[in-house]
Amino acid sequence: FHPTDRQLYACGLHAWAGNRTAPGGFFRVRRTAGMLRMPVALAAHETGLTITFSAPLARSSAVDPASWGYTSWSLERSKNYGSEHIDERGHAITAVDLSSDGLTARLSIEGFAPTTCYELRWDLAAEDGSRAKGRIHGTVHATRP
């Protein structure tokens, strides 16, 4: 943090997992007065995923399965590091339950099971009317009740 302007400055390198065109950079991270609308917790359960956001979601948007998307696939491990997607398939979101505080959505996902790779997508309205859109890539090793 700079002692005069109190903003965060960071430098870093960039490797294989992205679309940057330069190998690194020096960045200023500025605080805004706006509220973040991003995931702060994620867990797998027997029938899907539970995701918690930093700000309340609009109930009508969050409980609409069409506001969410889920795709899973496998990779072939090789000396070339990975492969094209194997057995990629989209899964229907069959139900979404939203907590009373509007922060946590429990998604029921058709055919949900442990997988090497998945992508969870959302395009929602936040409770204040702003847009909450994003995606997460991950691995599900095991589920819990």
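The values are calculated or read from the model by the stated rules, or taken from the named source; none is laboratory data. This is a predicted model, so every value here is computed, not measured. Neighbour counts run over all protein chains shown; Cβ positions are idealised from the backbone, glycine included. In case anyone asks, the SASA skips ligands and DNA or RNA and just uses the protein heavy atoms, side chains included. Shrake-Rupley method; radii C 1.70, N 1.55, O 1.52, S 1.80 Å.
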- [ ] Being over 16 Å from HIS45 (Cα atoms) and small (Gly, Ala, Ser) is the filter; apply it to segment 100-136 and report the residue that is most open to solvent (accessible area, probe 1.4 Å).
- [x] SER100
Open item on the list: Among the residues in segment 92-113, are any at pLDDT 95 or above, more than 26 Å from ALA33 (Cα to Cα) and among the aromatic types (Phe, Trp, Tyr)?
Closed with: yes
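Which count do you get for residues in segment 44-74 that are in contact with a Ser or Thr (Cβ under 8 Å, 6 or more places away or on another chain), of a type outside the set (Gly, Ala, Ser) and either surrounded by 14 or more Cβ atoms within 10 Å (Cβ to Cβ) or assigned to a strand (DSSP E or B) (or both)? Even if it seems obvious, please write down each step before you answer.
Restricting attention to segment 44-74, the residues satisfying the condition of being in contact with a Ser or Thr (Cβ under 8 Å, 6 or more places away or on another chain) are 44-48, 50-53, 61, 65, 67, 72-74.
Among the residues that remain, those that are also of a type outside the set (Gly, Ala, Ser) are: 45-47, 50-53, 65, 73.
Adding the requirement that they be either surrounded by 14 or more Cβ atoms within 10 Å (Cβ to Cβ) or assigned to a strand (DSSP E or B) (or both) leaves 45, 47, 50-53, 65, 73.
Within segment 44-74, residues that are in contact with a Ser or Thr (Cβ under 8 Å, 6 or more places away or on another chain), of a type outside the set (Gly, Ala, Ser) and either surrounded by 14 or more Cβ atoms within 10 Å (Cβ to Cβ) or assigned to a strand (DSSP E or B) (or both) number 8.
Only one residue in GLY24, GLY34 is at pLDDT below 80, surrounded by 10 or more Cβ atoms within 10 Å (Cβ to Cβ) and either over 26 Å from PRO145 (Cβ atoms) or in contact with a helix residue (DSSP H, G or I) (Cβ under 7 Å, 6 or more places away or on another chain) (or both), so which one is that? Talk me through it step by step, then tell me what you get.
Working: GLY34 fails: surrounded by 10 or more Cβ atoms within 10 Å (Cβ to Cβ).
That would be GLY24, the only listed residue that is at pLDDT below 80, surrounded by 10 or more Cβ atoms within 10 Å (Cβ to Cβ) and either over 26 Å from PRO145 (Cβ atoms) or in contact with a helix residue (DSSP H, G or I) (Cβ under 7 Å, 6 or more places away or on another chain) (or both).
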Open item on the list: Pairs needed: first member in segment 1-12, open to solvent by 80 Å² or more (accessible area, probe 1.4 Å); second member anywhere, at pLDDT below 85; C-beta distance under 8 Å; at least 6 residues apart or different chains.
Closed with: CYS11/GLY24; CYS11/GLY25; CYS11/PHE26; CYS11/PHE27
